[in-house]
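**Student:** A single structure is presented below for examination.
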Amino acid sequence: MKDDFEKFLDKNLKNDDFRKEWEALEPEYAIMKALIDARTSQGLTQKELSVRSGIAQGDISKIENGNANPSIKTLQRLAQAMGKNLRIEFIDPDSVKPA
């Protein structure tokens with residue numbers, strides 16, 4: 001069952017202006033979602049991840065809320081603190097399906 005956000009997104013992606021803006025911001029949303037999903041799947045709080053990674057809890061919060069532009073080094077530290085590997089890809093735009 002789709003949650004309210006997915007329903008909202010599906011409906012609004014039909015609007016060209018909305019879709020273009022979403023596509024421009026989607027990489028940032030993907031980073032936010034990946035970090036939140038990885039952290040919560042391990043049952044970690046932001047504070048616990050902060051202790052493991054040496055990155056301030058406030059900075060983790062900013063990344064998760066889209067108020068920071070983390071460096072690759074920061075993302076690597078967060079991944080390592082969760083026992084994960086960081087993978088960044090360049091993909092053809094035609095292979096990307098809207099969320």
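**Student:** Mind checking which pairs have a first residue in region 1-26 that is without any contact (Cβ under 8 Å) to a residue 40 or more places away in the chain and a second that is surrounded by 11 or more Cβ atoms within 10 Å (Cβ to Cβ) and among the polar types (S, T, N, Q), Cβ under 6 Å, 6 or more apart or different chains?
**Tutor:** Short answer, once both residue conditions are applied: PHE18/ASN12.
**Student:** Does PHE8 count as not in a helix (DSSP H, G or I) and not basic (Lys, Arg)?
**Tutor:** No.
**Student:** If you don't mind, there's one more thing I want to ask. Within region 45-65, can you find the residues that are in a loop (DSSP other than H, G, I, E, B) and surrounded by fewer than 17 Cβ atoms within 10 Å (Cβ to Cβ)?
**Tutor:** THR45, GLY54, ALA56, ASN65
**Student:** Looking at region 39-56, I want the residues that are free of Cβ contacts under 8 Å to residues at least 40 places away in the same chain and on the phi < 0 side of the Ramachandran plot and have a partner that is of a type outside the set (D, E, K, R) and in a loop (DSSP other than H, G, I, E, B) with Cβ atoms under 8 Å, at least 6 apart or on another chain. Which pairs are those?
**Tutor:** That search, which allows pairs on different chains as well, returns LEU44/MET82; LEU49/ILE55; LEU49/MET82; SER50/ALA56; ARG52/LEU44; ARG52/MET82.
**Student:** What's the number of the only condition in (1) surrounded by 13 or more Cβ atoms within 10 Å (Cβ to Cβ); (2) out of contact with any Asp or Glu (no Cβ under 8 Å at 6 or more places or on another chain); (3) not polar (S, T, N, Q) that GLU89 fails to meet?
**Tutor:** (1)
**Student:** Also, I was wondering about something else. Take the residues in region 71-89 that are among the hydrophobic types (A, V, I, L, M, F, W, C) and within 17 Å of ASP37 (Cβ to Cβ), then tell me which one is modelled with the lowest pLDDT.
**Tutor:** Once the filter is applied, the top-ranked residue is ILE88.
**Student:** Need the failing condition index for ALA68 against (1) surrounded by 14 or more Cβ atoms within 10 Å (Cβ to Cβ); (2) among the small types (Gly, Ala, Ser); (3) part of a helix (DSSP H, G or I), just the number.
**Tutor:** Of (1) surrounded by 14 or more Cβ atoms within 10 Å (Cβ to Cβ); (2) among the small types (Gly, Ala, Ser); (3) part of a helix (DSSP H, G or I), only one is false for ALA68: (3).
**Student:** Restricting attention to region 20-35, report how many residues are under 14 Å from PRO70 (Cα atoms) and not aromatic (Phe, Trp, Tyr).
**Tutor:** Looking only at that region, the number is 8.
The values are calculated or read from the model by the stated rules, or taken from the named source; none is laboratory data. Model, not experiment: these values are computed from the prediction. Every residue, glycine as well, gets a Cβ built from its backbone with ideal geometry; the counts of neighbours run over all protein chains shown.
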